[in-house]
1. So is K2 open to solvent by 20 Å² or more (accessible area, probe 1.4 Å) and within 26 Å of E160 (Cβ to Cβ) or not?
2. Mind telling me which of the residues I71, I79, I86, I116 ends up being open to solvent by 50 Å² or more (accessible area, probe 1.4 Å), within 15 Å of H20 (Cβ to Cβ) and aliphatic (A, V, I, L, M)?
3. Give me the pairs, please: first residue somewhere in segment 201-213 and within 18 Å of K2 (Cβ to Cβ) and of a type in the set (V, I, T), second residue anywhere and modelled with pLDDT of 95 or more and surrounded by fewer than 15 Cβ atoms within 10 Å (Cβ to Cβ), beta-carbon distance under 9 Å, and either six or more positions apart or on two chains.
4. Restricting segment 174-210 to residues that are assigned to a helix (DSSP H, G or I) and either touching a Lys or Arg at 6+ places or on another chain (Cβ under 8 Å) or farther than 19 Å from Q92 by Cα (or both), which is least open to solvent (accessible area, probe 1.4 Å)?
5. Since T48 meets every condition but one in (1) closer than 18 Å to S15 by Cβ; (2) open to solvent by less than 30 Å² (accessible area, probe 1.4 Å); (3) not aliphatic (A, V, I, L, M), which condition does it not meet?
6. I'm trying to understand the selection: among the residues of segment 138-173, which are within 12 Å of the chain's Cα centre (by Cα) and either open to solvent by 30 Å² or more (accessible area, probe 1.4 Å) or among the polar types (S, T, N, Q) (or both)?
7. Hey, among the residues in segment 31-44 that are free of Cβ contacts under 8 Å to residues at least 60 places away in the same chain and open to solvent by less than 70 Å² (accessible area, probe 1.4 Å), which one's nearest to K63 (Cα to Cα)?
8. Checking the condition polar (S, T, N, Q), surrounded by fewer than 19 Cβ atoms within 10 Å (Cβ to Cβ) and not in a helix (DSSP H, G or I), which residue from Q59, Q64, Q92 passes?
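The values are calculated or read from the model by the stated rules, or taken from the named source; none is laboratory data. What you are looking at is a predicted structure, and each value in this text was computed from that prediction instead of being measured. Glycine also receives a Cβ, built like all others from the backbone with ideal geometry; neighbour counts cover every protein chain displayed. Each accessible area value is taken on the protein alone, full model and side chains, heavy atoms only, with ligands, DNA and RNA left out. Shrake-Rupley method; radii C 1.70, N 1.55, O 1.52, S 1.80 Å.
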Amino acid sequence: MKPLICFDMDQTLVSSNLAHIYAYKHMLRVLKLLKYKKNWREIIKLRTREEAVKKLCPQFNSKQVENGVKIYLDYLDNISYKRIKIKKYAYQTLKALKPKYKIAIVTNCNAHTAAIFLKYVGLKKFIDCYTGTESVKEPKPSPEVLFAAQKSCKGKLIVEIGDSINDIKAAHSAGVPVISIATGNHNITELKKYKPDFLLKNLKDVPKVVGKIYLNQ
């Protein structure tokens, strides 16, 4: 049985900030709300779409938040996804890893959105399974998504790879090594504070590092 690698998606395999921001802007337009004029980076760094809608619309009750999320997701999955771009070395990295490992996506988006994104940039063929927020009670930094991916893919998890502090926390809680990639919304200094096992500037050396981790287990 092949060992399992878990990849985060947003800002790890694809640049997707603009896709999410335009989907949230669309939601505000549809609901005839004022434009958000503060730091969009802070919205994107929130764990879930529900948290983002609550931040953008603090006056909303739970039913209104649910409706806002629905509007956002519909635009994201059908229109705004075309704004994403594949990260440098993502294709080469997954192609190199695929023969020896199972590859899972663990994301604080939902699995349906992840599949749409990765199909659009030509990465879907490398992915064995997807685990998103619809499959767990708590999103990252909870390790639940990693355990769910391991169960779904029927493989022993050997490493998580992601760009965020939440990825580091989830891997530490799950007791697995984590490779942090400084291609997202957290810079190298921010990531270092949380002590990832490996910290890389991009995806280029991921296959080499994963090989070392596997040999040492």
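1. So K2 fits the description; yes.
2. Being open to solvent by 50 Å² or more (accessible area, probe 1.4 Å), within 15 Å of H20 (Cβ to Cβ) and aliphatic (A, V, I, L, M) holds for just one of I71, I79, I86, I116, which is I79.
3. Taking only residues 6 or more apart or on different chains, the pairs are V210/K100.
4. L191
5. Answer for T48: the failing condition is (1).
6. If the condition is that a residue be within 12 Å of the chain's Cα centre (by Cα) and either open to solvent by 30 Å² or more (accessible area, probe 1.4 Å) or among the polar types (S, T, N, Q) (or both), then P141, S164, N166 are the ones that fit.
7. Step by step, filter segment 31-44, then rank; the result is L31.
8. From the options Q59, Q64, Q92, the qualifying one is Q59.
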